[in-house]
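Notes for the one structure printed next.
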Amino acid sequence: MSKEVTVSAANQVRSEIRSPEDGERLSALILDLQTKGLQITTEFERRPGGAGPSDAGMIWVEGQPLTVPVDASFVTDTPYSLEAEDVGFGIYRDGTRLASAAPADRPRFYGMSTSDGTPYWQIALMHLDSLASTVLQTCAYWGNDDQCTFCGIGVSLDSGNTVKVKRPEQLAEVAVAAKELDGAVDVTLTTGSTYGKDRGAIYVGRCGQAVKEASGLPVEVQFEPPEDFSAIDRVADMGIDSLGIHVETFDPQVLARVAPPKARTGIERYFEAWEHAVGRFGEGQVSTYVILGMGEDPELIIEGCKRAADIGVYPFIVPLRPVPGSLMSDVSPPSSAYTERIARQVAPYLIERGITADAVAAGCARCQACSPLGSIEQSLKLNSPSNRKLIPVVEAS
């Protein structure tokens, strides 16, 4: 296989925010785009339906990664559009140019298939510079009273865009191609929950181990808290770099409404699992999704995020992105002001604790394309006294 990487320049290296002013401007734009979406009139790499960053356009905005709603019904009201320019593209609001943009190229490995004829894109997808897959595209909770209302795992399977079970050797093969042909820098593997005591942890761990051994890429795996935490130890012993155990919300009343099985597990059990996992994976390498806009008490969210950070867990804050076909498909995303209010109270705390996105080895918290936290963290760091240039004082002779 050729090792020539043909990823566009915008995708090869993430640009660093250069000044506090640039950081503030870009953070505000990313927040608004994640909430309001983007109108497009050109060919565009997108993720239709299903689990993950669903209904998402993949784009780089001034070198920053972003998954943005492009097909949901509410996007018809967005003031933002992607416009072709003489060279490249720009993000416009009501005719005013706000930022440069580079839609992600269609990955080259999507044109390949396994020896049994399965297209690579049915096994794993590129999310900008990250390769991702749901290794078991079924869940014990799907299609019954336990179904998580925000989830779309079964939508992907019904669409024919994926296969039910991805084998470790298939994922390893695809990961090598994604790295060599399209510049993938890490791999994120999640799974639907199983009825087993490990909740699927061991299988997704084995998949991650195969990927890491074949490609050398850092890997995050994601699963629910297992009954016996020794399953976490077994996954750590496989050489996995980062771990996601997602509580979704710190508001127990909302959790009971949107994710009954997680509510039965209990938020305190999540903290116990995280504490055990941090002991094996290290501070900042364990993360949890925190979805905003499901009717939660914001103070409980902020409190929970800070408590998670105190034990070394990265709270990955994302605004709700309603999945078409899910039980929350008709719910509107939260306002950018609401998301910003919470993110701007959590981000400084993460910096203070030394648990920031730039230190995460792999996974959603490393990528940051679905969250405003990463850009806010960069902006705050630029504003910190240690980063300010001081004018030397010269004593008069």
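Laboratory data are not the source of any read-out in this text; all were calculated from the coordinates shown. These numbers were taken from a predicted model, which means no experiment stands behind them. Because the Cβ atoms are built from the backbone with ideal geometry, glycine has one as well, and the counts that use them run over all protein chains shown.
Is the shape of the stretch 65-183 rounded, prolate or oblate, going by the alpha carbon gyration tensor and its root eigenvalues a ≥ b ≥ c, with a/c under 1.5 for rounded and a/b larger than b/c for prolate?
oblate
With a 10 Å Cβ neighbour count serving as the proxy for reagent exposure, in which order, fewest first, do S81, S193, S242 appear?
Least to most surrounded, the residues fall as S81, S193, S242.
Would you compute, from DSSP H runs of 4+ residues alone, the mean residue ellipticity of the chain at 222 nm, taking -39500 (n - 2.57) per run and dividing by the full residue count, rounded to the nearest 500?
Computed ellipticity for the chain at 222 nm equals -10500 deg cm²/dmol.
Hand me the tally of lysine pairs in the chain: alpha carbons under 24 angstrom apart, and the pair either on different chains or 8 or more positions apart.
Lysine pairs, 8 or more places apart or on different chains, close enough: 14.
In Å, what is the Rg of the alpha-carbon atoms in the stretch 303-359, and how long is Dmax?
Over the stretch 303-359's Cα set, Rg and Dmax evaluate to 13.7, 40 Å.
First obtain the Kirkwood hydrodynamic radius of the stretch 96-152 from its Cα pairs, then insert it into the Stokes-Einstein equation at 4 °C and 1.567 mPa s, and state the resulting D in µm² per second as a whole number.
It comes out at roughly 88 µm²/s.
Only four residue types carry charge here, +1 at the Cβ of Lys and Arg and -1 at the Cβ of Asp and Glu. Report the dipole size of the chain about the Cα centre in Debye, rounded to the nearest 20.
Taking the Cα centre of the chain as origin, the dipole is about 260 debye.
Label points 7 Å out from Cα along the Cβ direction at N144 and L327: separation in nm?
1.3 nm
Whole Å is fine, so just give me how far the alpha carbon centre of the stretch 90-121 lies from that of the stretch 224-286.
Value for the Cα centre distance between the two parts: 32 Å.
Pulled fully out, how much extra length does the chain show between L300 and A359, if you take 0.36 nm times their separation in residues and subtract their Cα-Cα distance?
Gain in length upon complete extension: 18.6 nm.
For E85 and N383, calculate 0.36 nm times their separation in residues minus their Cα-Cα distance, and state this gained length in nm to one decimal.
104.0 nm
At a Förster radius of 45 Å, what calculated FRET efficiency corresponds to the Cβ-Cβ distance of S115 and Y195, to the nearest 0.05?
0.90
Please list 270-277, 218-225, 232-239, 82-89 highest first by mean number of surrounding beta-carbon atoms within 10 Å per residue.
Listed from highest to lowest mean packing, they are 218-225, 270-277, 232-239, 82-89.
Once you place label points 7 Å from the Cα toward the Cβ at E275 and R25, how far apart are they in nm?
4.6 nm
Over the chain, calculate the relative contact order: mean separation of alpha carbon pairs under 8 Å at least 6 apart, over the residue count, as a percent.
Answer for the chain is 17 percent.
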